Amino acid sequence: MALGSKRDTSKRDFKIVGTRPLRPDGIDKVTGRARYGADMSAPGMLVGLVLRSPHAHARIKSIDTSRAEALTGVHAVVTRADFGDVEDAATADTLDNCMAGAKALYDGHAVAAVAAASDAVAKQALKLIEVEYEPLPHVTDVDEAMAPGAPVLHEGRTDETVPQGMSANVISRCQFGHGDIEAGLAKADRVLKRTYRTEATHQGYIEPHACLASMGPDGQADLWCCTQGHYMVRNTCAAILGLEQGKLRVTASEIGGGFGGKTTVFLEPVALMLSKKAGRPVKMVMTRSEVLRATGPTASSSIDVRIGMTKDGRITAGFAELRYQGGAYPGSPVNMGAMSAFAPYDLENVRTIGWDVVTNRPRQAAYRAPGAPIAAFAVESAIDELAKGFGLDPLEVRLKNAAREGTRASYGPTYRAIGLEATLRTAKDHPHWTAPLGPNQGRGVACGFWFNFGGDTCVSLNITPDGTVTLTEGNPDIGGSRASMSMMAAEELGIPYDKVRTVIADTGSLGQNEVTDGSRVTFAVGLATIEAARAAKREMCRRAAKVWGIDEEAVVWEDGAAKPSGPNAGEFPPMTLEEIAAIASNTGGPIAGHFEVNAEGAGVSFATHMVDTEVDPETGAVRVLRYTVFQDAGKAVHPDYVEGQFQGGAAQGIGWALNEEYIYGEDGTLQNPGFLDYRIPVASDLPMIDTVILEIPNPGHPYGVRGVGETSIVPPLAAVANSVSDASGVRLTDLPLSPPKVLAAIQSR
Amino acid sequence: MSTPVPISLVVNGEAHDLVVPPRKLLSDVLREDLNLTGTHVGCEHGVCGACTILIDGRPARACLTYAVQLEGHELTTIEAVAEGDTLSPLQQALHEEHGLQCGFCTAGIVMTFEAYLRENPAPSEAEVRDVLSGNLCRCTGYQNIVTAVLKAAEAMRGGRGA
């Protein structure tokens, strides 16, 4: 794809892109009309519930469902025995995660499910299912899981990258970098060596997982669910149930938050199987406890860092060894942690090693820039400590080492135009940087990087007979994409924003679409939208040429209308989109533009965050006083939404840094599966979060768009930790910075 | 299982005669028996505030209340806040100020502040943050919600704004 060649100049004047029109989903959401996962019903619908393992690790010796099946009002009971084998290893793991096979691998692992006439009957039925468990030793800590002799979850899953003799819980090893670490460290005036630890956190979307499945006896099925990717749901469920993809139609509901956690399936294959067995529609809705026990938390980690720095602040070498446990199955995001750890810097000598480890915890799911915030916490803390040790300005040190256009990234590629330096310089000039601090207060900064992605995308832009436009796309709107797509379509067509409505199609309406993840949608779906609009414009110019009886090359599209152009075009008044649409039937039929692409050219993005905190020396409690986000958006299509992404990422990062953690007991069960004990930030925990949008255009997008959703959670863990270290006078290396930990650190000062 | 009992519930000014199990939560009765799905359930233990409704004009968690307790009380849900096509000043401000992203927590926040702004028509930012701390939002960092509530308060006092 040579999309770059099609791009417009980044200096173009936009009429709609960059403005702040009202959101198209706002009224539905403030009036309660919007329909989320749990809001759909069907005639004859049954209630589906899941029975979950109370053990962290246990062999399932037998499951007797006969008493549950005999209960009046129970229409189906499902166990793993109802599902066939799945060939693909990752999909087989997904099935095993949705319904345990030989072993229950974590507290909360699904072992059976029922469909019944009511919630009360379904609950009673769960109690009648008799599961005989043989409890096994368990392990939930990443370092303990890697140790020889640790309880083993799976035999034979270790790949060829892992040296012989390691625990079978170590699944794979990855490595990135270039240069000679030892030679680089030898040139340093100081080499800092530290170990950092982070605990698992949950995405914490307020809407629990929910779906409504209906499968007919002919194998045709419909599924409604809250997901970040209904095409992924279709393909995964089809593979697990042995269905043809075209027979399963999935519709995405309005989504009540996802942050990466709704990029896989949990209930959906089970609901389809229950519906198949019961011959009735089945609705399943998780409780908050189920969400926390059995859906995607992040990895937890332990990371060793060695960084060498000269006394004037030049990094001579950077090394990190990252160990991430991703729960009970292979696939922690350690590779992305290892790739992104040093990505903001131009380094001669850099190496990262990542270890993917399994433990008796729920299978991790993506969480906003998966893997990167953890890695950035370690590296950005170490750089901060070195800078402070030399008495250097931490922003200056980062500027001195900052990656720029042409820098060979630590993970391989060479950067095109990037915005890290711009975020650092803007941060340095911002009044926040020089504002006075009081006693027990500190200031921290950190940088962050995210790749941003493209991927398979389809868009259909339909011109209606009255000249309004329906844009059909296949990515659930999680951060305002209906607004930004409508804006880009209107911009390209030269018509008002409110003439375009963007709808999210079901899986039957478009070809394959990648999940709403990787900050890909504004970039990739935007790119496809612009190209679809261009295709529609070409067709409308052809129609005008036909009416006028001139060559179609002699017609151009300007300000929402076809116009004759060039010496031999003749004199005709412009034909507007509405006029062309009204006579489309007589000039060749309906008009639509569509575009299908595996979008390449996503632009990486960088951010610098600055945060002031105050530490209470009596209790160890940390208060966040002031927070400023500086991030490169490429081009902010709808700045309100961009600022919202910056603020939301910062708020989640503050929670990760200060409050949130998965706490496991000695028995391997989760001790805090509720919002009371798993505490996400509330309004009084946070200050106003100031935002500065920078626009360094992405050369790979027609309007210069980069993704913005994920980079914003990468710096806050380190920025907060650096700030707390500044305020308390003691370096903190173990997240979260909960009051007891901070107090202990202050007292040992 | 206990036997369902007949109850009469007044919701959004309309009387409903229902037969519900005594232990059925108000949130489930509203959503399942009355199809008022604008009241969302996020945690079932009174922490997230997404299910907040008004009982006799005061905010309450529908997930911590049994429907059978509410015979003789007036209930108001998100569906009755706008008057026809006219949004309340608070709804309008949330819409205009980008005071929501996914919108799942929004109904609970609207119900909390419809009541609070009647009680305190001129709150400070700190007071808004304090009251808002009973409602969890994971998307926004709360900033635009605070801004929207302050703007709505001003509009309701007759100032400019929404």
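What follows is calculated from the coordinates using simple rules that are stated; it is not laboratory data. Since we're looking at a predicted model, the values are computed, not measured. Note that each Cβ is placed from the backbone with ideal geometry, even for glycine, and that neighbours are counted across all protein chains shown.
Some observations on this one:
- Picking from residues in the stretch A:669-692 that are among the hydrophobic types (A, V, I, L, M, F, W, C) and more than 14 Å from chain B (Cβ to nearest Cβ), the one that is nearest to A:Gly634 (Cα to Cα) is A:Val692.
- Per the listing A:Arg306, A:Arg280, the residue uniquely in contact with a strand residue (DSSP E or B) (Cβ under 6 Å, 6 or more places away or on another chain) and part of a loop (DSSP other than H, G, I, E, B) is A:Arg280.
- Qualifying residue in the stretch B:137-158 (condition: more than 9 Å from chain A (Cβ to nearest Cβ), farther than 28 Å from A:His202 by Cα, in contact with a Lys or Arg (Cβ under 9 Å, 6 or more places away or on another chain) and of a type in the set (Asp, Glu)): yes
- With respect to the conditions (1) touching a Phe, Trp or Tyr at 6+ places or on another chain (Cβ under 9 Å); (2) away from chain B (no Cβ under 11 Å); (3) surrounded by 15 or more Cβ atoms within 10 Å (Cβ to Cβ), A:Arg59 falls short on a single one, namely (3).
- Condition met for A:Glu571 (surrounded by fewer than 19 Cβ atoms within 10 Å (Cβ to Cβ) and part of a helix (DSSP H, G or I)): no
The rows are residues; the columns are (1) assigned to a loop (DSSP other than H, G, I, E, B); (2) surrounded by fewer than 21 Cβ atoms within 10 Å (Cβ to Cβ).
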| residue | (1), (2) |
| --- | --- |
| B:Val110 | no, no |
| B:Arg118 | no, yes |
| B:Val128 | no, no |
| B:Asn135 | yes, no |
| B:Cys139 | yes, no |
| B:Thr147 | no, yes |
| B:Lys151 | no, no |
| B:Ala155 | no, yes |
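Residue by residue, here is whether (1) buried (at least 19 other Cβ atoms within 10 Å of the Cβ); (2) out of contact with any Leu (no Cβ under 7 Å at 6 or more places or on another chain); (3) among the hydrophobic types (A, V, I, L, M, F, W, C) holds:
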site: A:Leu577; (1), (2), (3): yes, no, yes
site: A:Ala581; (1), (2), (3): yes, yes, yes
site: A:Asn586; (1), (2), (3): no, yes, no
site: A:Gly589; (1), (2), (3): no, yes, no
site: A:Glu596; (1), (2), (3): no, yes, no
site: A:Val604; (1), (2), (3): yes, yes, yes
site: A:Asp612; (1), (2), (3): yes, no, no
site: A:Val615; (1), (2), (3): yes, yes, yes
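- Just one of the listed residues (A:Val233, A:Val270, A:Val291) is crowded, with 24+ Cβ neighbours inside 10 Å, within 14 Å of another protein chain (Cβ to nearest Cβ) and not in a strand (DSSP E or B), and it is A:Val291.
- Residue in the stretch A:658-668 that is facing chain B (nearest Cβ under 9 Å), touching a strand residue (DSSP E or B) at 6+ places or on another chain (Cβ under 8 Å), over 22 Å from A:Pro21 (Cβ atoms) and outside any loop (DSSP other than H, G, I, E, B) present: no
- Residue within the stretch A:615-632 that is among the hydrophobic types (A, V, I, L, M, F, W, C), within 14 Å of another protein chain (Cβ to nearest Cβ), touching a His at 6+ places or on another chain (Cβ under 9 Å) and closer than 21 Å to A:Ser712 by Cα present: yes
- Evaluation of B:Ala122 against (1) surrounded by fewer than 24 Cβ atoms within 10 Å (Cβ to Cβ); (2) within 22 Å of A:Phe646 (Cα to Cα) (one fails), failing number: (2)
- Put simply, of A:Asp93, A:Asp107, A:Asp64, A:Asp85 the only residue that is within 24 Å of A:Met215 (Cα to Cα), in contact (Cβ under 8 Å) with a residue 24 or more places away in the chain and charged (D, E, K, R) is A:Asp93.
- Considering the conditions (1) hydroxyl-bearing (Ser, Thr, Tyr); (2) within 21 Å of A:Tyr36 (Cβ to Cβ); (3) in contact with a strand residue (DSSP E or B) (Cβ under 7 Å, 6 or more places away or on another chain), B:Thr106 is excluded by exactly one of them, (3).
- Conditions (1) in contact (Cβ under 8 Å) with a residue 60 or more places away in the chain; (2) surrounded by 24 or more Cβ atoms within 10 Å (Cβ to Cβ); (3) under 14 Å from B:Ile53 (Cα atoms): number failed by B:Leu90: (3)
- Leading residue by the ranking (surrounded by the fewest Cβ atoms within 10 Å (Cβ to Cβ)) among those in the stretch B:33-60 that are within 23 Å of A:Ile27 (Cα to Cα) and without any contact (Cβ under 8 Å) to a residue 40 or more places away in the chain: B:Asn35
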